[in-house]
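A.B. asks: Structure provided below as structure tokens; questions to follow.
The values are calculated or read from the model by the stated rules, or taken from the named source; none is laboratory data. Fair warning: this is a prediction, and the values are worked out from it, not measured in the lab. Cβ placement follows ideal geometry from the backbone for every residue including glycine, while neighbour counts extend to all protein chains displayed.
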């Protein structure tokens, strides 16, 4: 019985694992029809040919190879330089207009376990096609993992043209940006509380990490804001007039996120200044305590220096020779009494000098 159970269970697990891997790394190609449900094809060529007479083609690639994207140069007339940009992971967001298409590169943010990951999503839009390219994250998951479900849910609007597919993808990217920025905000609040509650154990490297992340966010949001500004000015002829209003909403979100990153940068700078100020206060407090200790030791040393001198002289044999052997019962107690009086006089004199100096410093500050 156990052996038969394993024989049945193993193929099921193998099928599940293979299906999960396929969902992560597989691309899909659709013909978005003017009427009826979208049709899925096995190849990009089939989807483009089917869309020539009805609707348009949506080609979605997940972690594509150079060979897969190079075929789009001849199939859709895409510019080879844009294909090179799709294969480079260190590009800044931008928009490039070409005679047959417009190329748009956007960043998507993911914040997981206090690590900010900035990925890329590439898009090509034309009259009869839309191409979306989703790279894989560090966890080997596609950045646009749920976009197919979103498009199927809003298929009525997507039928109106490729610009609506691009709007849903950009809206999905912007939502991920908000999640990442909100997570950074929460951690920044925690860091502020930790700094106020325990400055000694606070790690300033956390503030440096936040500043580095916010600089990356600001750089990306600055260029993406310019891209949406250009789209809203109707500079891209492949985006329909009716969809411009939806892009304005995305533009408003990007402007707000950009302002948030600026305010968070100011908060990080203020926290760093607060940390340095509190650190300087702790150092000044320690220095004051050290100075007070040194003053006490100096006072004790000053009092006992003449007493030590007299004690040294009194301990010599010359003292007995001066006073005589018969007078030690009187001379030594008198000598000790004189040392006590000298010590008290020194303490009184030094204390009075210290009070005068402290009083003059207070008057000077007032």
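A.B. asks: Select from the stretch 35-63 the residues that are surrounded by fewer than 14 Cβ atoms within 10 Å (Cβ to Cβ) and part of a loop (DSSP other than H, G, I, E, B) and list them in ascending order.
C.D. replies: Residues satisfying the conditions are 35, 36, 37, 42, 43, 52, 53, 54.
A.B. asks: Something else: From 181, 125, 95, grab the single residue that is buried (at least 16 other Cβ atoms within 10 Å of the Cβ), farther than 23 Å from residue 259 by Cα and in contact with a helix residue (DSSP H, G or I) (Cβ under 7 Å, 6 or more places away or on another chain).
C.D. replies: That would be 125, the only listed residue that is buried (at least 16 other Cβ atoms within 10 Å of the Cβ), farther than 23 Å from residue 259 by Cα and in contact with a helix residue (DSSP H, G or I) (Cβ under 7 Å, 6 or more places away or on another chain).
A.B. asks: Looking at residue 188, is it crowded, with 18+ Cβ neighbours inside 10 Å, assigned by TED's automatic domain parsing to the domain that holds residue 274, in contact (Cβ under 8 Å) with a residue 24 or more places away in the chain and in a helix (DSSP H, G or I)? It would help to see each step written out before you state the result.
C.D. replies: Working: crowded, with 18+ Cβ neighbours inside 10 Å: yes; assigned by TED's automatic domain parsing to the domain that holds residue 274: yes; in contact (Cβ under 8 Å) with a residue 24 or more places away in the chain: yes; in a helix (DSSP H, G or I): yes.
It is true that residue 188 is crowded, with 18+ Cβ neighbours inside 10 Å, assigned by TED's automatic domain parsing to the domain that holds residue 274, in contact (Cβ under 8 Å) with a residue 24 or more places away in the chain and in a helix (DSSP H, G or I).
A.B. asks: Also, quick follow-up: In the stretch 63-75, which residues are farther than 16 Å from residue 41 by Cβ and in contact with a strand residue (DSSP E or B) (Cβ under 9 Å, 6 or more places away or on another chain)? Quick ask: steps written out before the conclusion?
C.D. replies: Initial filter on the stretch 63-75 (farther than 16 Å from residue 41 by Cβ): 63-67, 69-70, 73-74.
Listed by number, the residues that qualify are 63, 64, 69.
A.B. asks: Filter the stretch 136-174 down to the residues that are under 30 Å from residue 113 (Cβ atoms) and modelled with pLDDT of 90 or more and list them by number.
C.D. replies: 168, 169, 170, 171, 172, 173, 174
A.B. asks: Pairs under 6 Å by beta carbon, first residue in contact (Cβ under 8 Å) with a residue 40 or more places away in the chain in the stretch 277-289, partner surrounded by 10 or more Cβ atoms within 10 Å (Cβ to Cβ), six or more apart or different chains?
C.D. replies: Qualifying pairs under 6 Å: 278/199.
A.B. asks: Turning to a different aspect of this structure: Do we have residue 285 as part of a helix (DSSP H, G or I) and in the same structural domain as residue 159 (by TED's automatic domain parsing) here?
C.D. replies: Answer is no for this residue.
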